[in-house]
1. Test of the criteria: in region 90-147, which chymotrypsin sites (Phe, Trp or Tyr not before Pro) are in a DSSP loop and have at most 16 other Cβ atoms within 10 angstrom of their Cβ?
2. Given the Cα-Cα distance of Thr215 and Ser8 and 0.36 nm per residue of separation, how much length would full extension add, in nm?
3. For Ala236 and Leu16 in one chain, what is 0.36 nm times their gap in residues minus the Cα-Cα distance, to one decimal in nm?
4. Can you tell me the FRET efficiency between Lys222 and Lys148 if r is taken as the Cβ-Cβ distance and R0 is 30 Å, rounded to the nearest 0.05?
5. Taking trypsin sites (Lys or Arg not before Pro) that fall in a DSSP loop and have at most 12 other Cβ atoms within 10 Å as cut points, what is the longest piece of the chain between them?
6. Based on DSSP H assignment, which helices of the chain show an axial Cα extent of at least 24 Å together with a mean Kyte-Doolittle hydropathy greater than or equal to -0.5?
7. If I take R0 = 41 Å and measure r between the Cβ atoms of Ile272 and Ile160 in this structure, what FRET efficiency does the formula 1/(1 + (r/R0)^6) give, to the nearest 0.05?
8. Cut-off under 27 Å on the C-alpha distance; same-chain residues fewer than 8 positions from Lys218 excluded. Which lysines are left, in chain and number order?
Amino acid sequence: MSKRKNLSKLIVNYLLITAASFLYGIGTAIFSDPNNIAPGGITGIAIVLNRIVPFGTGTWFMLLNIPILLVGTWKFGWHFICSTLYATGMISVFTNFIAKHGQAFFVHDMVLASVFGGLFAGVAMAIIFQQGATSGGSDIIIKLLRLKYPHIKTGGLLFITDLFVIAFAAIVIKDIPAALYAFITVFINGIALDKVLYGNDEAKLLFIISDRHTTITKRLLKELDLGVTHVYGQGAFSGKDKKVIMCVVRKRISPQAQEIVKEEDPEAFMIITSATEIYGEGYKSYFEEKI
């Protein structure tokens, strides 16, 4: 039963990688490539090189990934590299196929191309990342950087590396407007990537200090069904013991939690901060691989 479940999970993973690779191919072949938009990463370099030696953007994408995949094999092992190799191969095949047979669907509006090229690629990359693989190229480099700088989001690291590729494309292709539109593509790509990877976890972390902590806690538990923790503290000036209410609230119900505090104790001291990665009941498992 366990083997059957593992096999089913593996099949689903590869089906999702296939679908995501097709989305990536659409983003590149329909939107970015026909408009000289080199949206960073290996894809951007492949688009530039295809202008110099027209092997096909998908073919260049695969060739450029070979040395990076070898490094990935050494660092992350064969299981990771097999799924990444599959994703890279599928992206290469779909990109070349769509470029050859989907010319009737090419979008030549630069604004639409830059926005939807970034959106399709960002969503595709996030789905591939969630399956424990990458789309190769700079994604593997990003995964390596995440090991050293786990506090920096994937989208942020991707944006930094993409800037260098865009500058390279602007010099080689000599199309400054396309390079500027590539910034839009990269920006949308980063937003889409982070939204799919982290969006469901975005929440507010509340620290509430109030003499009416008991009433506030009861209302948060009953009306919003929140998990609430009491942290014991002491006022530095007064020396009085304090119960600090700590709770994580989904963004959509954060205003309701704040309203409860306001109604019960308008003088309450409340700190609200963003929480983007949350592990535990109702959120992500502790044992999920960190992307």
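Throughout, read-outs are computed from the coordinates displayed, never taken from laboratory work. From a predicted model like this one, the values you see are computed outputs, not experimental measurements. Please note: Cβ atoms are built from the backbone with ideal geometry, for glycine as well, and neighbour counts cover all protein chains shown.
1. Numbers: sites: Phe94, Phe97, Phe105, Phe106, Phe116, Phe120, Phe129; in loops: Phe106.
Listed in order of number, the matching sites are Phe106.
2. On the way: separation 207, 0.36 × 207 = 74.52 nm, distance 4.84 nm.
Full extension of this stretch gives 69.7 nm more.
3. Numbers: separation 220, 0.36 × 220 = 79.20 nm, distance 5.43 nm.
Full extension of this stretch gives 73.8 nm more.
4. Numbers: r = 45 Å, r/R0 = 1.49.
My answer for the efficiency is 0.10.
5. Working: sites that count: Lys174, Lys240, Lys290.
Answer from the scan: 1-173.
6. Answer set is 2-26, 57-76, 78-101, 110-130, 154-173, 176-198.
7. Values: r = 29 Å, r/R0 = 0.71.
The computed FRET efficiency comes out at 0.90.
8. Within reach: Lys204, Lys240, Lys242, Lys243, Lys251, Lys262, Lys284.
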